[in-house]
Amino acid sequence: MTSFLGWHETMSFVLVGAVWGCTNPFLRKGSADDEQEQQPNNTKKNGDNKDINQNGGQNAESSERKSILNSLSRLRRVGVWLPYLLNQGGSLLYYRLLAESDLTLSVPISNALALLFSALTSFFLGERLDKPYRAALGAAFVLVGVGICLLSSERLGADKPNKGMSEEL
């Protein structure tokens with residue numbers, strides 16, 4: 001069997017997985033910090049925790065507007081928008097990778113590496129798992145799935161002549 005992944009593709013997979021995985025815990029942490037800083041507003045609430053206007057009815061428009069403003073206000077914090085921009089840079093690299101490599105390999109490998117890097121970054125940030133054995137079992141299943149994708153892709157690649165994309169068109 002011939003090697004199906006080149007150096008460039010392998011490094012692109014690792015880079016996309018690292019950027020996605022390492023930024024996710026920082027996004028989660030930045031959003032959680034922002035929610036802790038926000039104090040409950042002075043709006044009266046009914047039993048269903050919905051806003052009540054002066055006429056006694058529910059003010060859905062006001063609630064929706066506040067939700068949008070709260071989401072946009074998170075972008076004022078560097079701890080949210082910097083990881084977000086880095087994450088989007090990883091997405092741009094991912095789209096380029098999808099255009100250049102085999103789709104059946106790009107998606108599972110990139111997402112599996114993102115999961116791995118996310119777990120490692122969360123661990124180094126001090127986040128603890130409730131059930132670490134389940135996480136380890138899930139990681140093992142992901143590795144088996146990626147291995148199956150790699151093996152099936154290599155077998156398909158061995159059956160076909162190795163042509164470049166320009167030759168197929």
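The values are calculated or read from the model by the stated rules, or taken from the named source; none is laboratory data. For clarity, every value in this text was computed on a predicted model and none was experimentally measured. Note that each Cβ is placed from the backbone with ideal geometry, even for glycine, and that neighbours are counted across all protein chains shown. Side chains included, ligands, DNA and RNA excluded: accessible areas come from the protein's heavy atoms. Shrake-Rupley method; radii C 1.70, N 1.55, O 1.52, S 1.80 Å.
Condition check ((1) within 19 Å of the chain's Cα centre (by Cα); (2) open to solvent by 30 Å² or more (accessible area, probe 1.4 Å); (3) not polar (S, T, N, Q)) across all residues:
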{"site": "ARG76", "(1), (2), (3)": "no, yes, yes"}
{"site": "TYR84", "(1), (2), (3)": "yes, yes, yes"}
{"site": "LEU105", "(1), (2), (3)": "yes, no, yes"}
{"site": "ALA119", "(1), (2), (3)": "yes, yes, yes"}
{"site": "PHE124", "(1), (2), (3)": "yes, yes, yes"}
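Being modelled with pLDDT of 75 or more, over 16 Å from PHE26 (Cβ atoms) and polar (S, T, N, Q): is that true of SER67 here? The answer is yes for SER67.
Table: residues versus (1) more than 12 Å from CYS22 (Cβ to Cβ); (2) in contact with a strand residue (DSSP E or B) (Cβ under 6 Å, 6 or more places away or on another chain); (3) modelled with pLDDT under 90; (4) assigned to a helix (DSSP H, G or I).
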site: LEU92; (1), (2), (3), (4): yes, no, no, yes
site: ARG96; (1), (2), (3), (4): yes, no, no, yes
site: LEU105; (1), (2), (3), (4): yes, no, yes, yes
site: SER110; (1), (2), (3), (4): yes, no, no, yes
site: ALA114; (1), (2), (3), (4): no, no, no, yes
site: ALA119; (1), (2), (3), (4): no, no, yes, yes
site: GLU127; (1), (2), (3), (4): yes, no, yes, no
site: ASP130; (1), (2), (3), (4): yes, no, yes, no
site: ARG134; (1), (2), (3), (4): yes, no, yes, yes
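When restricted to residues that are at pLDDT 55 or above and loosely packed, with under 13 Cβ neighbours inside 10 Å, the stretch 41-62 contains 2. Filtered by the rule that a residue be under 20 Å from LEU103 (Cβ atoms) and either surrounded by 18 or more Cβ atoms within 10 Å (Cβ to Cβ) or of a type in the set (D, E, K, R) (or both), the stretch 6-29 gives GLU9, SER12, PHE13, VAL16, GLY17, VAL19, TRP20.
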